[in-house]
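To start, the structure under review is shown below, and the notes come after it.
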Amino acid sequence: IKGVEFMKRNNLKKEELLKYFMEQLKENKITEDTQMVQDVYEFAEQVYRGMKRYSGEDYITHMLWIAILLVKMEADLSVILAGMFCDSLKKTNVTKYELEQHLSDNVVSLVVEVNDFSVKEKEGVSEEVILIKLAERLHNMQTLEYMEEGRRREKAMETMEWFLPLARELGNDKICIELNKLSLQYIE
């Protein structure tokens, strides 16, 4: 996950993030099909249009960061693309049917699983879904300063209690260290 900290601090715009994301896909030999990825991104942009993060940034930047983190975690392309829609069924008006019109069956299946996921009931959940949830939580923790103090502490405690053990189960030391470091900032 190196290089992610540097980029976060630079507050890249969605166009710059998209360019970086595409470069990472090629560099990590995940796909050469930039047109398909561009089409998926444009659909994601449509799904999250008008939504903002606490920071005031376009919501799509969060989705791009999740996808970038998944690339850095060496996830498969379907997992990376599902990451771009990981909260779409909960936070937008998009339907499963609409997702099926634009995404592969595998990606839609992952999106549905991620939206149904509960950290408290993780039995039988695929490693891919856990990866997506960890990437989502990692980016949320990297941008926690934009939330009110009580919510920051609550999210940090939740991360320590639920997400850190998930990262340990996957044996991902880098994510464990990063989640722990970010959480401790708001607990101590």
Report, ordered by chain and residue number, the aspartates and glutamates lying within cross-link reach of K26, taken as a straight Cα distance under 18 Å and ignoring same-chain residues fewer than 8 apart. E15, E16, D39, E74, D76
Nearest 10 degrees, 0 to 90: what angle lies between the long axis of helix 173-187 and the longest principal axis of the chain (Cα atoms)? 60 degrees
If each residue of separation counts as 0.36 nm, what is the full-extension length gain between E23 and Q35 once their alpha-carbon separation is subtracted? 3.0 nm
Please state the Cα pair-distance histogram of the chain with 5 angstrom bins from zero: what percent is in each bin? 1, 8, 17, 21, 22, 17, 10, 3, 0, 0
Give me the angle, in degrees from 0 to 90, between the Cα long axis of helix 149-158 and the longest principal axis of the Cα atoms of the chain, rounded to the nearest 10. 80 degrees
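Could you work out the local net charge near D39, counting Lys and Arg as +1, Asp and Glu as -1, over the other residues with Cβ closer than 12 Å to its Cβ? List each step's numbers first, then the result.
Values: positive: none; negative: D33, E42, E45.
It works out to a net charge of -3.
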Note down the accessible area of E100, probe 1.4 Å, to the nearest 10 Å². 80 Å²
Whole Å is fine, so just give me how far the alpha carbon centre of segment 112-150 lies from that of segment 32-105. 15 Å
Solvent-accessible area per residue for segment 27-109 at a 1.4 Å probe radius, Å²? 49 Å²
Nearby lysines by direct alpha-carbon distance to K181 (threshold 17 angstrom, same-chain neighbours under 8 apart not counted): K2, K8, K155
Using 5 Å bins from zero, what percent of all Cα-Cα pairs in segment 5-107 falls into each bin? 2, 12, 26, 26, 19, 11, 3, 0
In square angstrom, rounded to the nearest 10, how much accessible surface does K174 have for a 1.4 Å probe? 130 Å²
So, with a 1.4 angstrom probe, what is the percent of accessible area on the chain that is carbon and sulfur? 45 percent
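Show me the ranking of peptides 79-89, 36-46 by mean Cβ neighbours inside 10 Å, starting with the highest.
With the highest mean Cβ count within 10 Å placed first, the list reads 79-89, 36-46.
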How far is helix 14-27 tilted off the main Cα axis of the chain, in degrees rounded to 10, range 0 to 90? 80 degrees
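The values are calculated or read from the model by the stated rules, or taken from the named source; none is laboratory data. Just so we're clear, the structure is a prediction, and the values are computed from it rather than from any experiment. Using ideal geometry, Cβ is built from the backbone for each residue, glycine included, and neighbour counts are taken over all protein chains shown. Note: areas computed on protein heavy atoms with side chains; ligands, DNA, RNA excluded. Shrake-Rupley method; radii C 1.70, N 1.55, O 1.52, S 1.80 Å.
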